[in-house]
Every structure is written in C-alpha cells, then in structure tokens.
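Below: one structure, written as structure tokens.
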Amino acid sequence: MRNNSSFLSFASLQSLPSMGRSNSLIWFRKGLRIHDNPALEYACKDSNHLYPLFVLDPHFLAPDPSAFSPGSARSGLNRIQFLLESLIDLDSSLKKLGSRLLLFRGDPVQILVRLLKQWNIGKLCFEYDTDPYSQVRDQQVKDFASLSGIEVFSPVTHTLFNPADVIQKEEFSPFRGGESEALKRLKQSLDDKEWVANFEKPKGDPSAFLKPATTILSPYLKFGCLSSRYFYKCVNDVYKKVKKHTSPPVSLVGQLLWREFFYTVAFGTPNFDQMKGNRICKQIPWNDDDDLLVAWREGRTGYPWIDAIMIQLRTWGWMHHLARHSVACFLTRGDLFIHWERGRDVFERLLVDSDWAINNGNWLWLSCSSFFYQYNRIYSPTSFGKKYDPNGNYIRHFLPVLKDMPKEYIYEPWSAPLSIQTKANCIIGKDYPKPVVQHDPASKECRRKMGEAYGLNRVKDGLVSEEDLKSLKRKLEEDVNRNSEIRSQKQKLP
Ligand SMILES: Cc1cc2nc3c(=O)[nH]c(=O)nc-3n(C[C@H](O)[C@H](O)[C@H](O)COP(=O)(O)OP(=O)(O)OC[C@H]3O[C@@H](n4cnc5c(N)ncnc54)[C@H](O)[C@@H]3O)c2cc1C
C-alpha cells in the first residue's frame, strides 16, 4: 500500500496482459454489481483488456477520530463494513469471469487521470451519479478524457428514470418577466392592427395554447412592467388607423376598462375579499369539502377539461379568461358548491398575474355572489371545451395521461369501453380519476341551493346574519337527505 493514491490491487498489475488503445476501464463507485450493469457490459464490448477499478476516496473514507461515532468523516463503521463486503463480493464475481477488482486509495480524479494515461485506455465507463460531489468529480475526469480522445460511456442506471429528463418534462411558465419583454409583447400584439380592431371577448378560444387568443399582458400589468395608461394609448392609436373597431365591453380597450372597474369597486368596498361583512356579496351557505377542493386544485376531478385548465394554472400560471370561468364556475355554483374564497386562494397563489382587486372581483362574479346573477347559466365541464377543441388537443397537452384517448371520449373518458381505455393506456379509476361528481345532478342541486340562497338574501334585504345562513344550510342538508330517501323509496317500489 502506497501513500496517497496507492494501488491496493486484489490482483497484481504485472499479471495483466499487455496494453493497447482498445483497453477499457470500468470505474465502479455505486453500481457494485455484475448483473444489469450496462456500463460494465459496454466496457467489455470489443475491448482487448478490461480494467475494473474502485477508488477508496478519502473524501468519504479518511479516518476521523473527532467524529461522534467510530468511522470516517462521513461514514460510520457499519457502512464502511458494508462497502468492503460489497467490494470483496464484487471481486469474487469478477474472478469467476476471469478478472479481478483493482482497488486504489486517494483522490479519484488524480488516480483516474494517471491510470487512463498509464494503461492507455480508449474507453472509460462508469454509472452516472447525480450527487453534487460526484458531478464535479466526474466532470473533471470527463474533461480529461475528452481532451485525450478517450470515449466516455456513463449511463443512468442507478434510478429507474433519468432525473434530468424528468425535470425537463416539467412545464414551466413560458412567460418571462420584465419591462423589455412587456414592450416586445405589446408591440407584437398591436402590430396586427386587424386583430386589435376585431378583438371581441368572450369570443376567443380558451383552448388555444400554442398561440393564445389574447395578449397575455396581464402579468406585466400586474407587476407594472407595462403601464396600463401606455397600453390604453397605444390601442387607441391603432383604432385611429383602422376603419372600424369593436367597442367596450368586448373590445381590447374594454378589457382595460374591466380592470379599472374592478380596481375601483374593490377600493370602494369594505371587505371586498370576503363574503362576511361585504355588502355587495350575496350570502350563500357554501359547503366545506376539503377532498373535493383538493381534487379540483390538483387537477383530479375526473373532468379532463377542468383538470387540464388546473394543470395549466399550476405549470404556466396563466389561463385564458374563459378557462378561468370554467373552473371557477365548476368549483362554486356549477358543481362542487365550494366557497369562492377557497378557489380565490388557489388562484392567488398560482397565477403569475394574481391581482388582488381583479382576482377577487372575478371570483365574486363567477360564483354569482356579485355583479353577475344568472346562476342558472352553468358552464358544462364536458361540452363547453368541446365547442372550441373537438379533438381535445388542449387536454392531450396538459394531461398527457389522456393523450391516446380517442376524441369521442376525450371529454368524458369514463364513458369509453374498457377495451378502448386499455388501448389508450389509460384505465379510468386507475390511471386517471373517475368524475368526483356527476355533473347533471350536481349542477341541478347547485341551482336549487343558489335559488334558496338568493331567496334568503331577498327576504333579508342584504342583512343575512350568520344564524340565517346556518339555518339555511341545515334546511338544504335536510332537503338533500329527504330527497335521497324519496328517491330510494321510489326505487324500491315494484
Ligand atoms: C376567476 C377569475 C380570476 C381572475 N383573476 C385574475 C387576476 O388575478 N389577475 C388578472 O389580471 N386577471 C384575472 N382575471 C381576469 C382575466 O381572466 C385576465 O385578466 C386575462 O385572462 C389575462 O389575459 P390577457 O392579458 O391575455 O387578457 P386580454 O384579454 O389581452 O386583456 C388585456 C388586459 O385587460 C385586463 N383584463 C382582461 N380581462 C379582465 C377581466 N375580466 N377583469 C379585469 N381585467 C381584465 C387585464 O389586465 C388584461 O391583461 C380573472 C378571471 C377570472 C374568471
């Protein structure tokens, strides 16, 4: 045994055959095995001589008498023992294959650099390692190898999937922050004068994600990277150059006026961001159901249109206005009857353009708590999206689990026969959830509750107390129980 970087071979170097450029070196670190070892297999392929190497690295193994247990700086005795046993076992496996494990001690980079030259290695193989220390170490060895024209093979075999690939597949918001980007995006939108002149909301396509239907200037307006006053002036300049253009509330200027509207009303309304004590907010006995809220928040309602929107929210932090309508309606008065404040909180956290006045204002609107009162008009979680995107491309993009579902079933995959689900590699209830509620009865129930709540608000003329709300909630629950009893009695009748 020599000092630093010493050779502790289980075999003698002299016994190794003469060296040529087709020599390979398999550098063991983790991956202390013969079975399923692509790095070892590749090292053996077409090579004259194979050098199996392990380096005892002082970074991990230098003795440290000051450590709180016997062992090295980073390892207790049990793990060191386990490592040594694994090396002995690896050596005996290699021996059966006519080779031996070559064991060195010292700085791995120095040792590798020396041996690659000394043994005239043409191919260096080792299992990919993601730990930060290993990344730096391996990069140094790879740099030397590539300068010396040595082939390096470093497969990912310690994990089932390559963590780098998995991270790359995660979608991030495609919108970059900053004034420069805001002005660039504004110019791009306004350069198309015809588009500006004909802008008409809510006519845009909420499922368009490759080229969204609106400006996506909301995050820049939220952070003030773009001045709303400048935006307003530029749009009006475009209007002067075209023969005719749309008008508020549907035009592009109209959108900025909606923004003004919500800012003004929010500023002038005490408790604007809550139901309680908010004089413009209808008092509604919303349900509390954490499981349903989580299913909605995580994109697991079983309604692909709703879930895809919620995944776009999570990954991009932005969705089209009508997509926001769909999910806000679904959570509140459309299907789940959950409090708009809970949905507001989720949007507030995840939207890149999250804006106190506009977010609260729109949740009040969509839940029919204020501004908009036609609670009978409910967005269908199946047919609304289909109108714009019959093939379901938006769903396939944001919910890849459904990417092979035939278009006939993409909005209602639970209705697909099992053979189709199997072919599409997506079994409903296993790979993708079953619907958390049935839309038709759930929305009917929501309408009924909204009707009762509106009645109460009318009678109490805006002075609904907590006690009134509680007793309405009790009544609604009793009605539900009674109706389900009547239903089950009817079902029992011959
Ligand atoms: C439940 C719900 C929550 C929302 N939360 C937010 C939020 O937190 N922040 C936010 O900026 N918008 C919010 N909106 C409004 C609207 O959806 C976004 O402003 C719009 O989708 C942003 O995209 P855009 O910039 O491409 O809009 P464009 O259609 O290009 O409009 C240009 C600008 O006009 C303003 N604007 C457009 N629509 C509205 C609207 N309905 N109310 C107020 N201002 C509007 C925005 O500043 C927008 O950037 C919400 C809508 C709903 C239904």
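The values are calculated or read from the model by the stated rules, or taken from the named source; none is laboratory data. This one's a predicted model, so the numbers in the text were calculated from it and none came from an experiment. All Cβ positions, even for glycine, are placed from backbone atoms using ideal geometry, and neighbour counts span all protein chains on display. For accessibility, only protein heavy atoms count, side chains too; no ligands or nucleic acids. Shrake-Rupley method; radii C 1.70, N 1.55, O 1.52, S 1.80 Å.
Based on this model, can you work out whether Asp440 counts as away from the ligand (no atom under 16 Å from the Cβ), closer than 20 Å to Cys329 by Cα and open to solvent by 40 Å² or more (accessible area, probe 1.4 Å)?
Yes; evaluated as a whole, the condition is true for this residue.
Evaluate segment 370-385: report whether one residue or more is part of a helix (DSSP H, G or I) and either more than 15 Å from the ligand (Cβ to nearest atom) or open to solvent by less than 10 Å² (accessible area, probe 1.4 Å) (or both).
Within segment 370-385, one or more residues are part of a helix (DSSP H, G or I) and either more than 15 Å from the ligand (Cβ to nearest atom) or open to solvent by less than 10 Å² (accessible area, probe 1.4 Å) (or both).
Please work out if Asp389 is open to solvent by less than 20 Å² (accessible area, probe 1.4 Å), away from the ligand (no atom under 14 Å from the Cβ) and over 20 Å from the mean Cα position of the chain (by Cα).
So Asp389 fits the description; yes.
Taking Ala197, is it hydrophobic (A, V, I, L, M, F, W, C), touching a residue at least 12 places away in the same chain (Cβ under 8 Å) and within 16 Å of the ligand (Cβ to nearest atom)?
Spelling it out, Ala197 is indeed hydrophobic (A, V, I, L, M, F, W, C), touching a residue at least 12 places away in the same chain (Cβ under 8 Å) and within 16 Å of the ligand (Cβ to nearest atom).
Kindly provide the set of residues from segment 169-183 that are in contact with a Leu (Cβ under 8 Å, 6 or more places away or on another chain) and either open to solvent by less than 90 Å² (accessible area, probe 1.4 Å) or free of Cβ contacts under 8 Å to residues at least 24 places away in the same chain (or both), ordered by number.
The answer is Ala182, Leu183.
Yes or no: segment 301-322 includes at least one residue that is open to solvent by less than 20 Å² (accessible area, probe 1.4 Å) and touching a Lys or Arg at 6+ places or on another chain (Cβ under 6 Å).
Yes, there is a match, as at least one residue in segment 301-322 is open to solvent by less than 20 Å² (accessible area, probe 1.4 Å) and touching a Lys or Arg at 6+ places or on another chain (Cβ under 6 Å).
Keeping to segment 200-209, report how many residues are closer than 16 Å to Ile309 by Cβ and more than 8 Å from the ligand (Cβ to nearest atom).
6
Have a look at Val156, Val166, Val141, Val152 and point out the one that is exposed (fewer than 13 other Cβ atoms within 10 Å of the Cβ) and β-branched (Val, Ile, Thr).
Answer to the selection: Val166.
Could you list, ordered by first residue, the pairs with Cβ atoms under 7 Å in which the first is in segment 336-348 and over 17 Å from Ile358 (Cα atoms) and the second is among the polar types (S, T, N, Q) and open to solvent by less than 10 Å² (accessible area, probe 1.4 Å), at least 6 apart or interchain?
Between residues of segment 336-348 that are over 17 Å from Ile358 (Cα atoms) and residues that are among the polar types (S, T, N, Q) and open to solvent by less than 10 Å² (accessible area, probe 1.4 Å), the close pairs are Ile338/Thr332.
With under 21 Å from the mean Cα position of the chain (by Cα) and either modelled with pLDDT of 95 or more or within 16 Å of the ligand (Cβ to nearest atom) (or both) as the only criterion, which of Ile395, Ile358 stands out?
Ile395
On the given criteria, is Thr332 without any contact (Cβ under 8 Å) to a residue 24 or more places away in the chain, within 24 Å of Gly462 (Cα to Cα) and assigned to a helix (DSSP H, G or I)?
no
Do any helices (runs of 4 or more DSSP H) entirely within segment 190-287 hold 1 or more residues that are closer than 30 Å to Asp461 by Cα and open to solvent by less than 20 Å² (accessible area, probe 1.4 Å), and if so, which?
Hits in segment 190-287: 252-267.
Step by step: first the residues of segment 335-345, then only those that are more than 9 Å from the ligand (Cβ to nearest atom) and in a helix (DSSP H, G or I), then the one that is surrounded by the fewest Cβ atoms within 10 Å (Cβ to Cβ). Which residue is that?
Asp345
Conditions tested, residue by residue: (1) among the small types (Gly, Ala, Ser); (2) within 16 Å of the ligand (Cβ to nearest atom); (3) in contact with a strand residue (DSSP E or B) (Cβ under 9 Å, 6 or more places away or on another chain).
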| position | (1), (2), (3) |
| --- | --- |
| Gln274 | no, yes, no |
| Gly277 | yes, no, no |
| Pro285 | no, no, no |
| Asp291 | no, no, no |
| Trp296 | no, yes, yes |
| Thr301 | no, no, no |
| Ile306 | no, yes, no |
| Ala323 | yes, yes, no |
| Ser326 | yes, yes, no |
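Can we say Tyr394 is over 19 Å from Gly277 (Cα atoms), among the aromatic types (Phe, Trp, Tyr) and either in a loop (DSSP other than H, G, I, E, B) or open to solvent by 30 Å² or more (accessible area, probe 1.4 Å) (or both)?
No, not satisfied.
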